[in-house]
Each structure stands twice: as structure tokens, then as C-alpha cells.
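> So that we are looking at the same thing, I have put the structure below in C-alpha cells.
What follows draws every value from the coordinates through simple rules; no lab data is involved. Worth saying up front: this structure is predicted, and the values here are computed from it rather than measured. Cβ atoms come from the backbone with ideal geometry, glycine included; neighbour counts cover every protein chain shown.
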Amino acid sequence: MNRRNFIITSLGAAFLVRPALATPNQIEVFKAPTCGCCSAWVEHMVRAGFTVDARDVEQETLWSLKDRAGVTPELSSCHTAFIDGYFVEGHVPAGDIQRLLSERPDALGLTVPGMPIGSPGMEMGNQHDAYNTLLVLRNGSTAVFESHS
């Protein structure tokens, strides 16, 4: 295994396993360094009371993390986060993540595929697209976790 694959594999393993000393609202976010909507989503999470460790990574590393977490291309968005054994893909509202952590379903995580206008980090004045937060189950199927209009 070369050094690059070792680093990518180590990163993926580290964030798919729940750390023993993590705080309940600590979320690790992987994003491109130039993505403004990702930074806006991070700010949304901080305002909601989460402790955020945002990491700028190369696109190849980001896609590798998504793949290892079970985020398929049709479920993907611009950034990927990990919290308490779950992945959070894209512009998922903080309230949905809080509900996920409260209910603890047997699932891989949550996603808001794409970048819907009006979702956290994608605000554009009074414009709002209706969108769903999807729960990604362990078999790869999805279910609507929350609808937003």
C-alpha cells in the first residue's frame, strides 16, 4: 500500500468509527478549500451548537471518504461530515442531525443530495426549493427522514 492510499484509508477508518472521547455534538467536516456554501453550512452548524472540525481536503480524498462511508454519486453533495458513527452528506439542517442523534436509527447516515436552494448554506434571499433529507440505511436504500419546503 502506498503512502497516499494509507492516508486515505486511515482517514476513512478514523471517521467511520465512533471515537471514545468525542463530545456528543462534535462533527468533523471534509470539504474543498474554496467552497463557500460548505463554509456557510459549517457556520450553520456552529450557530446550532455543534463543535465543528472542518478540514480542507483534495477532491480525490473527499470522493474516497464518501465511497467508504456508503455515499453513492446520486446521494452526494459538496461536503461530507461524520458524527457519532453516522455520515452527514451535504446541506442537512442541524435540526435533522439532532433528531438523528436522538433517535439513533440503525442507518449509515443522512443526506441532502445536490445543493437545493434554501437549504443551510445555500440561502438565496427568499428563494426556497422543497427538498428531502434522506436516511441512508445499511443496505444502501433510502427513506425520507424529513421534508423541507
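> Report the extension gain between Ala48 and Leu101 in nm, rounded to one decimal, defined as 0.36 nm multiplied by the number of residues separating them, less their alpha carbon distance. Spell out each step's value before the answer.
Working: separation 53, 0.36 × 53 = 19.08 nm, distance 1.39 nm.
So the chain would gain 17.7 nm between Ala48 and Leu101.
> In nm, to one decimal, how far is the Val144 label point from the Asp67 one, both placed 7 Å along Cα→Cβ?
According to this spin-label approximation, the distance is 3.3 nm.
> Using each residue's phi in region 129-134, evaluate 6.51 cos²θ - 1.76 cosθ + 1.60 at θ = phi - 60° and report the 3J(HN,Hα) Karplus result to the nearest Hz, with x for Gly and Pro.
Residue by residue, region 129-134 yields 7, 6, 8, 10, 8, 9 Hz.
> Mind ranking 108-117, 124-133 by how tightly packed they are, going by the mean number of other C-beta atoms within 10 angstrom, highest first? If you can, show how the numbers build up before the last one.
Values: 108-117: 21.4, 124-133: 13.2.
Packing proxy ranking, top to bottom: 108-117, 124-133.
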